[in-house]
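Participant: Okay, handing you the structure first.
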Amino acid sequence: MVLDRLDFLLRLRLRKAPAICGAVLLGTLVLSLLLFLLAGNGRVERTMFFPNQSGRRLITEQRFLPRQGSLEKDIKEVAEGVLLGPARPDAQRLFPRGASVLAVMANGRTLYMDLSPALLAQDPELPLTGQAALDALERSIRFNFPRFRDFVFLIDGQSPSFSRNKKI
């Protein structure tokens, strides 16, 4: 009886094509798992601050954003996320629609950020305007990138009249 089973196992042969396909599939699966464990998925969790419905305090929202490969590009990605607005239903936007980041430059512990002129558009739905909105943007950037001590915000290359830029 045991010899019959052993003889059956010896006679059982896999066909070449299915065996090769299975080996390739298994190898691909193992390789992709190793790459995922070593390289990750290229996303990092970032925290952004937005005003709540009453507009009196800031609430947080976490998002997974792609890594961009440089500090300035990572900061621009966070700032664009803040300008885009919250995904939470209990939070409000900080800036008018259409505002964007034109340029970001880090110099030592100072961050320079140039924003589009659409930031100055009047929007009655916004709870924070002017310097208070820039302070909330600064808080989001400072929380994710604590290395910066000074922030200089420009609008279309010019320092806005309401800004407290110290480095200009």
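Participant: Confirm whether residue 74 is part of a strand (DSSP E or B) and either assigned by TED's automatic domain parsing to the domain that holds residue 141 or not basic (Lys, Arg) (or both).
Facilitator: Working: part of a strand (DSSP E or B): no; either assigned by TED's automatic domain parsing to the domain that holds residue 141 or not basic (Lys, Arg) (or both): yes.
In short, no.
Participant: So, residue 127, is that one part of a loop (DSSP other than H, G, I, E, B), over 15 Å from residue 44 (Cβ atoms) and touching a strand residue (DSSP E or B) at 6+ places or on another chain (Cβ under 6 Å) or not?
Facilitator: Details: part of a loop (DSSP other than H, G, I, E, B): yes; over 15 Å from residue 44 (Cβ atoms): yes; touching a strand residue (DSSP E or B) at 6+ places or on another chain (Cβ under 6 Å): yes.
It is true that residue 127 is part of a loop (DSSP other than H, G, I, E, B), over 15 Å from residue 44 (Cβ atoms) and touching a strand residue (DSSP E or B) at 6+ places or on another chain (Cβ under 6 Å).
Participant: For the stretch 127-147, enumerate the residues that are within 16 Å of residue 48 (Cβ to Cβ) and in contact (Cβ under 8 Å) with a residue 24 or more places away in the chain.
Facilitator: Result: 127, 128, 133, 134, 136, 137, 139, 140, 141, 143, 144, 145.
Participant: Here is a list of conditions, (1) in contact with a Gly (Cβ under 8 Å, 6 or more places away or on another chain); (2) modelled with pLDDT of 85 or more, and residue 152 meets all of them except one; can you say which number that is?
Facilitator: Single failed check for residue 152: (1).
Participant: Can I ask one more? How many residues, within the stretch 77-90, are in a helix (DSSP H, G or I) and either farther than 15 Å from residue 137 by Cα or among the hydrophobic types (A, V, I, L, M, F, W, C) (or both)?
Facilitator: We begin by selecting, within the stretch 77-90, every residue in a helix (DSSP H, G or I); these are 77-84.
Of the ones still in play, those that are also either farther than 15 Å from residue 137 by Cα or among the hydrophobic types (A, V, I, L, M, F, W, C) (or both) are 78-79, 82-84.
The total comes to 5.
Participant: Out of (1) under 22 Å from the mean Cα position of the chain (by Cα); (2) in a helix (DSSP H, G or I), what's the single condition that is false for residue 69?
Facilitator: (2)
Participant: Let me ask something else about it. Among (1) at pLDDT 85 or above; (2) closer than 27 Å to residue 147 by Cα; (3) among the polar types (S, T, N, Q); (4) out of contact with any helix residue (DSSP H, G or I) (no Cβ under 7 Å at 6 or more places or on another chain), which single condition is residue 47 missing?
Facilitator: All conditions are met except number (4).
Participant: In the stretch 56-89, what count of residues is obtained for those that are farther than 18 Å from residue 104 by Cα, surrounded by 14 or more Cβ atoms within 10 Å (Cβ to Cβ) and among the small types (Gly, Ala, Ser)?
Facilitator: 1
The values are calculated or read from the model by the stated rules, or taken from the named source; none is laboratory data. It should be emphasised that the depicted structure is a prediction, and the values quoted were computed from it without experimental measurement. With ideal geometry, Cβ positions are generated from the backbone for all residues, glycine too; neighbour counts draw on all protein chains shown.
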